[in-house]
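Structure record follows, encoded as structure tokens.
The values are calculated or read from the model by the stated rules, or taken from the named source; none is laboratory data. On a predicted model such as this, the values are computed, not experimentally measured, just so you know. Counting neighbours? That spans all protein chains shown, and the Cβs are built from the backbone with ideal geometry, glycine included. Areas reflect the complete protein model, heavy atoms only, side chains present, ligands, DNA and RNA absent. Shrake-Rupley method; radii C 1.70, N 1.55, O 1.52, S 1.80 Å.
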Amino acid sequence: PGISTAATHNVPGDFATIQACIDAAVSGVDECVVAPGTYHETINFLGKAITVRSSGGAAVTTIDATGIRGSAVTCASGEGPDSVLNGFTITGGTGWGCGDMSCGGGMYNRDSSPTVTNCIFTANTANAGGGMSNSAGSPTVIHCTFSGNRVTRSLFGGIGAGGGMFNHDKSVPTVSNCTFQGNLAELRGGGMYNLGSTPTVMNCTFSGNTAAQGGGMAN
């Protein structure tokens, strides 16, 4: 067998976009390091066990999906804990992947369990999970902020729940040291909505979230 040497790819130094770096990265080996700036794109981990991290942190590094239909970040190909997103502001996502509804404006995780750390999810929209939607997975979310995300019902009367985060379909996420602030759900769970799921939520702050039922959290 061949021997692979770990490589650190730089964005925009080696690749113009984050997705181009992910496309080229070797799963289980490489990482993408993103310089400060605003990147107008959506990204998909494509099942790869890689780290995508900013060099300067979320305050100066943004993935902005404004004007692009879909979730700003997607993990829907069996990603595990070694698929890591670290240090970004995620904004402008509108979600996808829930039939006649949109799920996961900021991040959509389906049958996946990525690790998400030090990220800010803000001003994303969807019909379920404005900031993040987790379906049938066990993602780990640490030191993240969910603020100003919004969910409304779809044209067909879809769910309108989970302004900050929506956990459904037997998801078992671990959410620790996170802040849910100023999120809005038209129906349930301004900060978080848990449907048929068993999350672990530790050392988190829920403040100023709004919904018809369960402003902070609805189970």
Original post:
If a residue has to be in a strand (DSSP E or B) and either over 17 Å from ILE22 (Cα atoms) or in contact with a helix residue (DSSP H, G or I) (Cβ under 7 Å, 6 or more places away or on another chain) (or both) to count, how many in segment 91-107 make the cut?
Top reply: 7
Original post:
Restricting to strands (runs of 3 or more DSSP E) lying wholly in segment 1-71: which have 2 or more residues that are out of contact with any helix residue (DSSP H, G or I) (no Cβ under 9 Å at 6 or more places or on another chain) and open to solvent by 30 Å² or more (accessible area, probe 1.4 Å)?
Top reply: 51-54
Original post:
Given the structure, is ALA58 over 16 Å from the mean Cα position of the chain (by Cα) and farther than 18 Å from GLY162 by Cβ?
Top reply: no
Original post:
Under the condition of being in contact (Cβ under 8 Å) with a residue 40 or more places away in the chain and crowded, with 22+ Cβ neighbours inside 10 Å, which residue from segment 91-100 is farthest from ALA35 (Cα to Cα)?
Top reply: CYS98
Original post:
Residue check: is MET165 over 15 Å from MET101 (Cα atoms), among the hydrophobic types (A, V, I, L, M, F, W, C) and open to solvent by less than 30 Å² (accessible area, probe 1.4 Å)?
Top reply: yes
**OP:** Determine whether SER77 is open to solvent by 50 Å² or more (accessible area, probe 1.4 Å), part of a loop (DSSP other than H, G, I, E, B), under 23 Å from SER138 (Cβ atoms) and of a type in the set (Gly, Ala, Ser).
**Re:** yes
Original post:
What number of residues in segment 116-132 are within 9 Å of PHE146 (Cα to Cα) and of a type in the set (S, T, N, Q)?
Top reply: 1
Subject >> Matching entry among ASN194, ASN183, ASN177 (being touching a residue at least 24 places away in the same chain (Cβ under 8 Å), polar (S, T, N, Q) and farther than 15 Å from SER133 by Cα) >> reply: ASN177
**OP:** Just need a number here: residues in segment 135-147 that are under 20 Å from GLY92 (Cβ atoms) and either open to solvent by 40 Å² or more (accessible area, probe 1.4 Å) or part of a strand (DSSP E or B) (or both).
**Re:** 4
Subject >> Matching residues in segment 205-219 - criterion: being of a type outside the set (Phe, Trp, Tyr) and crowded, with 19+ Cβ neighbours inside 10 Å >> reply: ASN209, ALA211, GLY214, GLY215, GLY216, MET217, ALA218
Subject >> Single residue of GLY190, GLY160, GLY104 found to be at pLDDT below 95, open to solvent by less than 10 Å² (accessible area, probe 1.4 Å) and in contact with a Ser or Thr (Cβ under 8 Å, 6 or more places away or on another chain) >> reply: GLY160
